[in-house]
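Just so it is clear, none of the values below were taken in a lab; they were calculated from the coordinates. Please read these numbers as outputs of a predicted model, since none were measured by experiment. No Cβ is skipped: glycine too gets one built from the backbone with ideal geometry, and neighbour counts run over all protein chains shown.
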Amino acid sequence: MEAYQIYSLTSAVLFAIGIGGVFASKHFIKKIIATIIMGGGVFLAFVSFAERDALNFADPVPHALVITGIVVAVASGAFALALARRIYQLTGEESFNNEK
Amino acid sequence: MTIYEVITVILLLVGCFFFLAGTLGVLRFPDLFSRLHALTKADNLGLGFIAAGMALHIASPWAAVKIFFIWFFTLLASSTSCYLIARFQREQDQPGKGKEDRE
Amino acid sequence: MDVVFIIVSIFLLLNIALGLFRIWRGPTVADRLLTTQLFGTTGMAVLLVLAGYLQELTLLNVAITFNVLAILLVIGLFQVWKTRKERSDDNI
Amino acid sequence: MSILIDGLLAILAIYLALQSLLAPRLSQSVFLFFAFGLALALAWVRLGAVDVAITEAAIAAGFLGVLFLDALRDFSSTISEKHNNTEAIQSSASRKKIKTFLLPRLAFGVGLGLFLLISLEAIWQIPQGGGLTAAAESMLPESGVEHPVTAVLLNFRAYDTWLEIGVILLGLLAIFVTGGIKIYTKPDVVAKDPLLRQVILFFTPVLFLFGAFLLYIGKSGPGGAFQAAVLWGAIGILLHLGGKPVFAMIPRWVGQLVLIMGLGFFLLMGFVFMSGGATLFEYPKAYAGTLILIVETLAAISIAAALTAIYANLNQMKEEPKENESAN
């Protein structure tokens, strides 16, 4: 078993954990963390395939895409945090309470 | 195996010993302050030994400077956070007793 | 020689895994913080060992980045406690 | 033998991700999330993606970490999830309600398991395409830099990087809109502590120098604009926390100029060369290296300013409703 295979399997598991967390966890911050974990899974898949396709060096295009992706994840994560905190300030809610 | 490699291996093993000591301390010590003690002293010493071993192994002056700075910054950050954690805990413990086991 | 590096890095990773117990058990918030400190230091050591093992000096830059930014977390933490204390809500 | 490291690292990453979502308390899950970032960075080191590892280190250990810590100030400490559940169970006195409570949960679990299986299968079966390594390698001499990732980021796929700066700015604007544009007041919590003040004083030049080093080394090795930007942004955050809010001290138009500088110069340069007959973001080969360095520097300053502004804005958020209440 190659190293990249381990990591690509891990990436699928991480993505599943993230998607489960987005749906199952209630608190805003946990939902945000879950989306970031999901993103981490996707990036791991990209980088592991870059390692598979390596010649003299690992495939640079996925690496560049992943760096860009991390930046976008940061921007969206920061925005999500701002939204969550704003909702908490205005309503005192820490999660979506649809049941009530 | 040259003499340098032997020294590297010895330094790495000593470092590992201190890391193990630190982790055991964190797991087994009874209260927070002794755990802090175990962590911030033993682990940083272990990191120092490992850093010395790796600097010897890599054997490039520029890398050695970098490794020294890694160790130095870790010392700074961990001592600062140790101070903060200890002070936080002390301030919390002062007003009333029996707060330690709050879950 | 390589075997030594691999064993050492596995040992250090196992150390991190052991430290997770403390995050789980607590009992106080401070214990959990302290364990993240453990992760940081041990992770640094793993990075150093890997740098020697792979002969990849750029890994040292990764370690320095971690290190330099650790201070940001420390100060952020301090602010959290201060605000919490002002609100007399001492349980993070 | 070294496969053991990978296996252990993978298990650690999965475990940390799982625990950070299952942990009963907010602080726990945030700290476990930092540890997850560390594990991911180590995984990237193992996969040979040092650039990504530096970026992850800068993000997980630095920026996102500090944002999450800052968010911890707002939310109440004991996470209410467990609490809510027990309440829900208690309140649903009849069995029927519990059943309706369990059924979606079961369906969710099964669905998630299926999804996991499908994605594992899909990942396992991805065909070996060969990737773009050969193409990148053959074009590398024309890009003006020696490091392939930097070449892709700033030359071959420069529009990605350009839009990346745009996305950060967009995030900043969205945060402005969410929280209202504020004048940055002086937070003096950290500044009062003498030790922390010294630490800030010591680390500010270190951060600047190391950021500049990463920016310059990006030409020939792992490093580059974004990593440098996070480090420089950390300077802004430290100054902000140390009672010297950068954006409050400079004139407003200067701040705005700094924010759009990277985006603007990038685009301007693209258009200038386009008027000379090149495609968008195609540099003349002779100056490509220098131009890339200039673009990177300006982009790094812009991103750093944007990150500082994001943090400063989020850091102020708590204070606003109090003023509203007193005004009412």
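Summary table below
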quantity	calculated
Given charges at beta-carbon only (K, R positive; D, E negative), |dipole| of the protein assembly as shown in Debye	1900
Peptide ranges C:29-39, D:109-119, C:11-21 listed from the most packed, as the mean C-beta count within 10 angstrom indicates	C:29-39, C:11-21, D:109-119
Sequence of A:T68, D:T308 once ranked by neighbouring C-beta atoms within 10 Å, starting from the fewest	A:T68, D:T308
Cα gyration tensor, segment C:2-86 - rounded (a/c under 1.5), prolate or oblate	oblate
Relative packing of peptides D:48-61, D:260-273 - highest average C-beta neighbours within 10 Å first	D:48-61, D:260-273
Size of electric dipole in segment C:2-86: Cβ of Lys, Arg +1 and of Asp, Glu -1, about Cα centre, debye, nearest 20	500
Computed over the protein assembly as shown, the ratio Rg/Rh where both radii use C-alpha atoms and Rh is Kirkwood	0.96
Cα gyration tensor, segment D:146-328 - rounded (a/c under 1.5), prolate or oblate	oblate
Farthest positive-ward along segment C:2-86 dipole, Cα basis, beta-carbon charges - from C:V49, C:S9, C:L20	C:L20
Overall form of chain B per C-alpha gyration tensor (a/c, 1.5; a/b vs b/c)	oblate
Check: segment B:3-93 dipole with +1 on Lys, Arg Cβ and -1 on Asp, Glu Cβ, in debye	60
Projected area averaged over orientations for segment D:227-277, convex hull of C-alpha atoms, nm²	4.5
Cβ-defined net charge surrounding B:G25, 14 Å radius [Lys, Arg +1; Asp, Glu -1]	+1
Other protein chain Cβ atoms within 10 Å, averaged over every residue that makes up D:119-127	5
Peptide B:16-22 - average C-beta neighbours from other chains (10 Å radius)	4
Two-decimal ratio, segment D:1-73, of alpha-carbon radius of gyration to 2.2 N^0.38 Å	1.16
Cross-link pairs C:K82/D:K244; D:K192/D:K244; B:K66/D:K244 - those with Cα-Cα distance over 21 Å	B:K66/D:K244
For segment D:147-282, with +1 on Lys and Arg beta carbons and -1 on Asp and Glu, the positive-most of D:V254, D:F281, D:F210 along the dipole	D:V254
Averaged over A:32-45, number of beta-carbon atoms from partner chains that fall within 10 Å	5
Descending semi-axes in whole angstrom, ellipsoid equivalent of chain A, from the Cα gyration tensor	34, 16, 6
Dipole axis of segment D:157-312 (+1 Lys, Arg; -1 Asp, Glu on Cβ), positive-most option in D:M269, D:L291, D:A306	D:A306
Helix A:60-91 axis, angle to chain A major axis (alpha carbon atoms, nearest 10°)	10
